[in-house]
Structure formats: C-alpha cells, structure tokens
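The structure appears right after this line, and notes come after that.
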Amino acid sequence: QVQLMESGGGLVQAGGSLRLSCAASGSTFGITAMGWYRQPPGKQRELVADMRLNGPITYADSVKGRFAISRDGNANIVYLQMNSLKPEDTAVYYCKQSVRSRDYWGQGTQVTVSS
C-alpha cells in the first residue's frame, strides 16, 4: 500500500504563487509515474501535470508556462510550483502516483485564487 499526503494549498490573490507538496509513504518501490490533477467546483477532475520516470512531462494547456512539476526522489515527494495564479485555477488539487501498475490518490488540497 502507498499513502499520499498533499499539503501547501490555501488562499492566494490572483498573480500569486503556491507550491503544493505530495509526500508518499508505505511501499513506494516501483513508482513509474506521478502527477497532479484538479477538480474545479462543479466540474470533473482534470489533468494538471504528469511526470513519467524516464519519460516526458505533460502539462495541461491552461497551465503551461505557469506551473512546474518536480520530484525529490530521495524523499519520495512530488511538488507542483504554481505561479501567476488565476481565479480559474481554483480547485481541489489531487496528487496521483502509479506504483507497480496501481494508481494511488491523495486526499486533495484546496487552492482558492481570489480576483
């Protein structure tokens, strides 16, 4: 089993920045991919950024040039640096990690961007 814990969400004004963290614990051997998703109010969950080990990084068009995903492999932490935030970035942000062909999700962290 793998447990994921997100942190770093909060309330920020438009144009501001936040950094989300996702710490993995448990049986984390065999991670193949990690990513961030978000679910805006009243909408479906959508991809924000996806990182494949030894593979490409994919960003949603709406966040390209503003968000960056990175990883601290030693600490099993995945980050999402979010800059130039917009009100439309308001959502619950979820971390996902793929470990030995299974997907694990965090509980989500709220990000609210005020105009």
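Among 35, 16, 55, the largest mean-square fluctuation in a Gaussian network model of the chain (Cα springs under 10 Å) belongs to 55. Of 42, 15, 73, the residue with the greatest mean-square motion in the GNM of the chain, using alpha carbon springs below 10 Å, is 42. The relative contact order of the range 73-115, computed from alpha carbon pairs under 8 Å that lie at least 6 residues apart in sequence, is 41 percent. Per the Cα gyration tensor, the chain maps to an equivalent ellipsoid with semi-axes of 24, 14, 13 Å, ordered largest to smallest. In this structure the chain gives 52 Å² per residue of accessible area when probed at 1.4 Å with all protein chains present.
Close amide H contacts of residue 71 (hydrogens built in the peptide plane, cut-off under 5 Å, sequence separation of 5 or more or a different chain): 79. Near residue 98: Cβ cut-off under 14 Å, other residues only, Lys/Arg at +1 and Asp/Glu at -1. The net charge is +3.
Measuring nothing but how far apart in sequence close Cα pairs (under 8 Å, 6+ apart) lie, relative to its length, the chain scores a relative contact order of 37 percent. Tally up the carbon and sulfur contribution to the accessible surface of the chain as a whole percent, 1.4 Å probe, everything protein left in place. Of the solvent-accessible surface of the chain, carbon and sulfur hold 48 percent.
Taking 7 Å steps out from each Cα toward its Cβ at residue 43 and residue 105 produces label points 1.7 nm apart. Converting phi to 3J(HN,Hα) with the Karplus coefficients 6.51, -1.76 and 1.60 and the offset θ = phi - 60°, the range 98-115 yields 9, 10, 6, 6, 10, 9, 10, 10, x, 7, x, 9, 7, 10, 10, 10, 8, 8 Hz in sequence order, with x at every glycine or proline. For the range 58-112, the convex hull spanned by the alpha carbon atoms encloses 103 Å³ per residue.
Each peptide in 1-12, 82-93, 56-67 receives the mean, over its residues, of other Cβ atoms within 10 Å, and ordering these scores from highest gives 82-93, 1-12, 56-67.
The values are calculated or read from the model by the stated rules, or taken from the named source; none is laboratory data. Keep in mind that what you see is a predicted model, and the values were worked out from it rather than measured. For neighbour counting, all protein chains shown are included, and Cβ atoms are generated from backbone atoms with ideal geometry for every residue, glycine included. Heads up: the accessible areas ignore ligands, DNA and RNA and are worked out on the full protein's heavy atoms, side chains in. Shrake-Rupley method; radii C 1.70, N 1.55, O 1.52, S 1.80 Å.
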